[in-house]
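Undergrad: This is the structure, below, for whatever I ask next.
The values are calculated or read from the model by the stated rules, or taken from the named source; none is laboratory data. Because the structure is predicted, anything quoted here is derived from the model rather than measured. Glycine also receives a Cβ, built like all others from the backbone with ideal geometry; neighbour counts cover every protein chain displayed. The accessibility values were calculated without ligands, DNA or RNA, using every heavy atom of the protein model including side chains. Shrake-Rupley method; radii C 1.70, N 1.55, O 1.52, S 1.80 Å.
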Amino acid sequence: MAEMASEARFRKNGKLKTALLQHKALSKNGLSERLFGLLFSGLVYPQIWEDPDVDMEGMQLAEGHSIVTIGSGGCNMLAYLSRAPRSIDVVDLNPHHIALNRLKLAAFEALPAHGDVVRLLSATGATSNSQAFDRFIAARLDTTTRAYWQGRTLSGRRRVGVFDRNIYRTGLLGRFIAAGHLMARLHGVDLTTMAQARSLREQRQFFDDQIAPLFDKPLIRWLTSAKSSLFGLGIPPRQYDELASLAADGSIAPVLRQRLEKLACHFPLRDNYFAWQAFVRRYPQPHEGTLPTYLRPEHYAAIRANASRVKVHHATFTELLASKQAGAVDRYVLLDAQDWMNDTQLNELWTEITRTAAPGARVIFRTAAERSVIAGRLSPALDAEWRYLEEPSLRLNRQDRSAIYGGFHIYERAA
């Protein structure tokens, strides 16, 4: 009897301990989610971190298509305009992103020439940019957006003054990259010297000699063990868990090393403006490399002419689609938003996607891990309406110069 009583107490204590550990984990995850939400309430992405050339090939984007996309930094939406779509609906819940998207559109419509657009959206230290805003752009903006850019920050400077300096060093992403540079400096590595590489071989050598060893440093391994360490990339706790699941030891450091290796070594530096932003914290000069697709001179006329075809909405993707007629949309761009969704949210989203999808419609999205996040999670009825294009998804994922995602996925409406 004593042994039975002892065993019962052991089981009871074991259950209590398990319950306490589960409660602690839930509390910790809840705190992480709240912290992420707080950080994500400000400007996150001054530049979108998905490759628009991969997007457009994956969508087979053509003239006359109707697109619904998440806004983020707005660069991809502008690149899509080079293909003369019939319309683009941009959705975002972040008011800072809304204001940035509307300003970029107005810049193409209002500034006198291509060089003025490039100066505003890519130059550093161009102190005349805020004057160009006042003279050409402000009157084109709606009242809310104009008030946002004319408003003042805690430092007393007008928000639009960030374009006089370097907008890409601001926002959550800009500060995250700055922190990465600081960590590297503390270990004796100057990441900006990557700009001196003149070939893929030299890029590989710099990565192997200077960058790769950083991921074995105790301080960096300790820092990256915290879910909050990747909030600056816009990666919430759930996405962090997806990334950590890719490593045998559950550590995020090997995964980050692999992604950074792709960014540093798989594409010529002069052709990868994502690498310039990561390692040099600016876009390349004309003699150094190419600008993003939406800032290249060959696309300027088309983007300027088609800018009025874009509508920017403060709404969720599902909410916007609910206002659309059946069969009205040809292309959907979900970025990595589904990584954050539970099964109910996913099925609500795909119910509206399926209802509004035109024949031959395509959906593209990215995932932190390699596997499609919707595989096995949609209802059988929804799943039957779509087919996964595996070969082009894998091929285009290898071509994605932004390099930080594990998977790029294309779904097409089944015939």
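Undergrad: So how do 386-397, 321-332, 74-85, 91-102 stack up, highest first, on mean other-Cβ count within 10 Å?
TA: The packing order, highest mean first, is 74-85, 91-102, 321-332, 386-397.
Undergrad: For Lys217, which aspartates and glutamates qualify as cross-link partners when the Cα separation must be under 15 Å and same-chain residues fewer than eight apart are set aside?
TA: Once the sequence-local aspartates and glutamates are set aside, what remains near Lys217 is Asp208, Asp209.
Undergrad: Could you check the simple spin-label distance between Leu219 and Leu394, using points 7 Å along Cα→Cβ, in nm with one decimal?
TA: 4.1
Undergrad: Express the accessible area of the range 348-402 per residue in Å², computed with a 1.4 Å probe while the remaining protein chains stay in the model.
TA: 45
Undergrad: Take peptides 359-365, 178-184 and line them up by average Cβ neighbours within 10 Å, highest first, as a rough protection proxy.
TA: Top of the packing list down: 359-365, 178-184.
Undergrad: Sticking with this one: Between the range 47-75 and the range 92-154, what is the separation of their alpha carbon centroids in Å?
TA: Comparing the Cα centres of the range 47-75 and the range 92-154, I get a distance of 21 Å.
Undergrad: Sticking with this one: Quick one: with all protein chains in place, what share of the accessible area of the range 81-181 is carbon or sulfur, to the nearest percent (1.4 Å probe)?
TA: 52
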